[in-house]
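J.: The following block contains the structure, expressed as structure tokens.
The values are calculated or read from the model by the stated rules, or taken from the named source; none is laboratory data. This is a predicted model, so every value here is computed, not measured. Don't worry about glycine lacking a Cβ; one is built from the backbone with ideal geometry, like all the others, and counts go over all protein chains shown. Note: accessible area is taken over every heavy atom of the protein model, side chains too, but ligands, DNA and RNA are not part of it. Shrake-Rupley method; radii C 1.70, N 1.55, O 1.52, S 1.80 Å.
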Amino acid sequence: MRWSINMNRNVKWLIPMLLALVFMVPLKAFADAAPGDVIVTLGEDLTPDQKTKILNEMGVSSDVDTVTVTNEEEHQYLGKYVSKAQLGTRAISSSKVTLAEKGKGLHVEAKNINWVTDSMIVNALVTAGVKDADIYVTAPFEVSGTAALTGILKAYEQKANVNIPEEKKQVANEEVVKTAELGDRIGTKEATQLITEIKQELADHPVKSEDELRDLIKRVAERLGITLTDDELNSLVSLFNKMKDLNINWDSVQDQLHNVRDNLDGFLNKEETQSFLQKFIDFIISIIDGIKGLFQK
């Protein structure tokens with residue numbers, strides 16, 4: 001199933017946030033990058049037969065530009081936020097990044113991925129400033145998707161010849177993982193609503209200190225009937241403190257959300273789902289201006 005900056009079957013939404021990280025592989029310049037250009041990330045532990053099948057599934061040739069992602073890289077770049085058990089011992093999930101025409105937005109399709117969701121990927125890309133790309137994530141059998149998560153921004157940077165600041169990658173990645181893990185305990189819908197309403201509250205009532213931020217998060221959680229553990233509360237306080245210092249282009253984020261809202265009919269079939277998403281995206285857009293003021297240095 002294909003979603004455009006939207007939600008997957010679990011309705012995992014976060015306002016712009018995710019992923020990936022710094023890599024030791026040197027960047028290759030693509031000054032002539034153009035819509036339709038493709039780069040693929042492959043999990044290092046795929047067998048030769050699995051790699052062939054993955055490339056065929058993606059509809060690309062064996063000589064396509066590729067980035068290999070290792071399990072060591074998964075642990076190096078995601079180990080701060082994801083358990084060793086979740087990261088496992090093999091890098092399997094893979095992705096295809098296709099540059100799209102300006103204004104087309106971000107679109108994600110995933111297959112055999114059971115933890116890193118479509119919306120986690122797309123929202124991370126938005127936070128990191130990525131625009132106009134089609135992302136296909138897949139694996140030969142069900143896996144978490146962390147190898148693909150580790151490689152996607154690297155692939156985009158290499159193909160589009162852009163530099164995404166490390167701070168954006170780290171904070172975006174951290175929010176996605178923390179929201180997903182919180183969702184594992186209290187429910188995806190509840191975790192998403194909590195993060196969204198904290199942002200709305202911060203936009204309406206900017207805080208001046210960490211204590212005020214802590215009180216605000218507790219107040220929102222209580223209003224939603226959510227009981228946070230001390231570790232979860234401390235984690236959210238740390239995360240939102242980092243977000244306030246990010247130089248995110250919120251105008252660009254707003255443009256991406258408008259693009260999604262205007263094109264929902266092309267991606268959704270169920271009338272009730274369209275209605276929910278249209279209202280939700282309109283809600284997000286309505287608080288972007290407030291968030292701009294909060295997060296600008």
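J.: Which of the following residues is under 15 Å from K159 (Cβ atoms) and open to solvent by less than 40 Å² (accessible area, probe 1.4 Å): V82, V116, V108, V97?
T.: V97
J.: Same structure again: I need the full set of residues from region 183-203 which are within 18 Å of N241 (Cα to Cα) and not β-branched (V, I, T), in order please.
T.: L194, E197, K199, Q200, E201, L202, A203
J.: Report, by residue number, each residue of region 92-143 that is among the charged types (D, E, K, R), within 17 Å of N161 (Cα to Cα) and out of contact with any His (no Cβ under 8 Å at 6 or more places or on another chain).
T.: K96, E101, K102, K131, D132
Let's see how each residue does on (1) modelled with pLDDT of 95 or more; (2) polar (S, T, N, Q):
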| position | (1), (2) |
| --- | --- |
| I195 | no, no |
| K199 | no, no |
| R214 | yes, no |
| K218 | yes, no |
| T229 | yes, yes |
| N249 | no, yes |
| V253 | no, no |
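So that you can scan it fast, the table gives a plain yes or no per residue for (1) modelled with pLDDT under 80; (2) β-branched (V, I, T):
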| residue | (1), (2) |
| --- | --- |
| N114 | no, no |
| T117 | yes, yes |
| D132 | no, no |
| A139 | no, no |
| V143 | no, yes |
| Q158 | yes, no |
| V162 | yes, yes |
| V171 | yes, yes |
| K189 | yes, no |
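J.: Then there is this: Restrict the check to region 232-239 and report whether at least one residue is assigned to a helix (DSSP H, G or I), under 23 Å from P165 (Cβ atoms), open to solvent by less than 30 Å² (accessible area, probe 1.4 Å) and modelled with pLDDT under 75.
T.: No: region 232-239 contains no residue that is assigned to a helix (DSSP H, G or I), under 23 Å from P165 (Cβ atoms), open to solvent by less than 30 Å² (accessible area, probe 1.4 Å) and modelled with pLDDT under 75.
J.: Sticking with this one: Filter region 142-162 down to the residues that are touching a residue at least 40 places away in the same chain (Cβ under 8 Å), out of contact with any strand residue (DSSP E or B) (no Cβ under 6 Å at 6 or more places or on another chain) and part of a loop (DSSP other than H, G, I, E, B) and list them by number.
T.: S144, N161, listed by residue number.
J.: Still on this structure, please answer the following. Can you pull out the residues in region 202-231 that are touching a helix residue (DSSP H, G or I) at 6+ places or on another chain (Cβ under 8 Å) and open to solvent by 30 Å² or more (accessible area, probe 1.4 Å)?
T.: D204, H205, P206, E210, R214, K218, R219, R223, L224, T227, L228
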